[in-house]
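Read the structure below first, then the notes.
The values are calculated or read from the model by the stated rules, or taken from the named source; none is laboratory data. A quick note: this is a predicted structure, and the numbers were derived from the prediction, not measured. Cβ placement follows ideal geometry from the backbone for every residue including glycine, while neighbour counts extend to all protein chains displayed. Quick note on the areas: whole protein, heavy atoms, side chains included, nothing else; ligands and nucleic acids left out. Shrake-Rupley method; radii C 1.70, N 1.55, O 1.52, S 1.80 Å.
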Amino acid sequence: MGDTGQSDIAAVQIVDLELIRRFIVVAEELNFTRAAARLGMAQPPLSAAIGKLERKLGVTLLERTSRRVALTPAGAVLLEQGRIAVEGVGAAIERARRQGTQADRLTVAVKPGTGADLIRKIVQRYARDPLMPQVHIRFGYPGGPAAAVRAGAADVAILRTPFDQRGLDTELLLTEPRVAVLPAGHPLAGRAELRRADLAGQPMPRWAGQADPAAAAYWTGADAPGLAGKQCADTPPGPEINDISQLLDAVTLGRAVAYVPISVAGQHRSADLVFVPVSDLSPSEVVAAWPDTSRSRAVAGFVLAAVEAAAHLAEPTAAFA
């Protein structure tokens, strides 16, 4: 029994993390040519790397034919768990690096449009404790604020749902209604209230790099139970965007309609845009998120300050005025 355990440990130790990373890319693409392009390498050495990994593990990870590549059950497990392992090692390295070079600051990841006034009030409340490290605000991390926290590039995030909550704890701060934003000349712009069905078949902007079905359903108003698949399929794709400003430009130019938090209406009043309440649309939620393994006193203090600051806002829109 003891020899078996030692051999299992040895097997884990000899698997190069780079092999796992390459496998993940192939498993995501299910195409060696596209995966090689993503990795910046030629296809033959990539295929050889996957073969090497399969031999080390003693299992088949991919079923390969001349027409298709498919995951085996073992490959599906390694994809899921390998992502966690690769991400966890990268995060550990980044957190250690920041602790060694930036121990005197707390990095907070935010997405533009989340609410500058709310962030300011949180930071002010947090700074009342002179023993807490200084706050550094981080914008624009690839994949968004949640990805920054998971990667170890930030300690905590303030962001809107939906997002990938894997590996994170969260605390709800604010809930606010969402509204439809239409170009001023739109046939429905004069309505006092809309339902989602009124905008069925209208093109809606697509967020660049967004592969999460839950997020896509949210932005197209299809996140109610039983609606996501159908309404997402029925929504014509509008222009690809990267931020709220681009979304509003697309609407202004008549290329799309969209759903946005009501606070955005207060921030972006324009004669070219009309914001209309939608009676059956899910709300927008602002949350704090941090690693579920965190034991940081500074993170706990920041989350407490966030909860207290949000509770003192009279209305959701006040945080974004």
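Per residue, the Cα convex hull of region 151-225 amounts to 157 Å³. Taking the centroid of alpha carbons for each part, region 118-138 and region 57-104 are 34 Å apart.
Calculated accessible area for region 239-321 comes out at 47 Å² per residue, all protein chains present (probe 1.4 Å; ligands, DNA, RNA ignored). For region 119-164, what does the accessible surface come to per residue with a 1.4 Å probe? Please give it in Å². Accessible area per residue, region 119-164: 48 Å².
Measuring only protein heavy atoms, the 1.4 Å probe finds Val89 accessible over about 60 Å². Roll a 1.4 angstrom probe over the protein heavy atoms and tell me the percent of accessible area of region 61-128 that is carbon or sulfur. The computed percentage sits at 56. Summed over all non-identical Cα pairs, the Kirkwood treatment of the chain gives a radius of 22.4 Å.
Using a Gaussian network model of the chain in which every pair of alpha carbons under 10 angstrom is joined by a spring, one finds that among Ala256, Ala306, Ala192 the greatest mean-square fluctuation is at Ala192. Using every pair of distinct Cα positions in region 251-319, the Kirkwood expression returns a hydrodynamic radius of 15.2 angstrom. In the distance distribution for region 9-114, Cα-Cα pairs more than 24 Å apart total 37 percent.
Specify whether the C-alpha gyration tensor of region 52-108 places it in the rounded, prolate or oblate class, a ≥ b ≥ c being the square roots of the eigenvalues: rounded for a/c under 1.5, otherwise prolate if a/b is larger than b/c and oblate if not. Here region 52-108 falls in the prolate category.
Annotation: for a label point projected 7 angstrom from Cα along Cα→Cβ of Leu30, residues of region 50-68 with backbone N closer than 13 Å are 62-65, 67-68.
Quick note on region 93-250: its Rg to Rh ratio, both from C-alpha atoms and Rh being the Kirkwood radius, is 1.04.
Compared with the direct C-alpha span, the chain from Ala48 to Arg105 gains 16.1 nm at full extension, assuming 0.36 nm per residue.
Per-residue ellipticity at 222 nm from helix content only, as computed over the chain with -39500 (n - 2.57) for each DSSP H run of at least four residues, stands at -13500 deg cm²/dmol.
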